[in-house]
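Here the structure comes first, spelled out in structure tokens, and everything after it is commentary.
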Amino acid sequence: MRWLIFTALLLLPSAAQAADIDLFIRIIECESSGRHDAIKKDEKIGGASKGIAQFQKDTFLEFKIMAGHPEYKWGNPIHQMRLLAWVMQKRPDLLIRWTCYRKVN
């Protein structure tokens, strides 16, 4: 878990408050327990969430284009954390797309 905290500190800007880092970690803990290989199937939406931040593939593809990082890969945990950090910094309105954001916030 230490590597997750360290990564959060690197990904979020130095001006980020402790609450932002705490929220980042709580979302990841809730979504995947910090496991980069976590996969959850959702019968309601007919898809699966994958990775440390539990992105749906379509959501990941949508957000990486919005963030200006078409090179990001869905299965890469660093890319998932960078994209989650981008959402928190630039588009917090999109955080509602994570079930766990609604649970932990």
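Screening the range 22-50 for residues that are of a type in the set (Lys, Arg) and either part of a helix (DSSP H, G or I) or open to solvent by 80 Å² or more (accessible area, probe 1.4 Å) (or both) and picking the one that is modelled with the lowest pLDDT gives Lys44.
Scanning the range 51-105 for residues that are touching a Ser or Thr at 6+ places or on another chain (Cβ under 7 Å), open to solvent by less than 30 Å² (accessible area, probe 1.4 Å) and of a type in the set (S, T, N, Q) yields one hit, Gln54.
Count, please, the residues in the range 51-85 that happen to be of a type in the set (D, E, K, R) and not in a helix (DSSP H, G or I).
Final tally of qualifying residues: 2.
The values are calculated or read from the model by the stated rules, or taken from the named source; none is laboratory data. Computed from a predicted model, the values in this text were never measured in an experiment. Cβ: placed from backbone, ideal geometry, glycine included. Neighbour counts: every protein chain shown. Note: accessible area is taken over every heavy atom of the protein model, side chains too, but ligands, DNA and RNA are not part of it. Shrake-Rupley method; radii C 1.70, N 1.55, O 1.52, S 1.80 Å.
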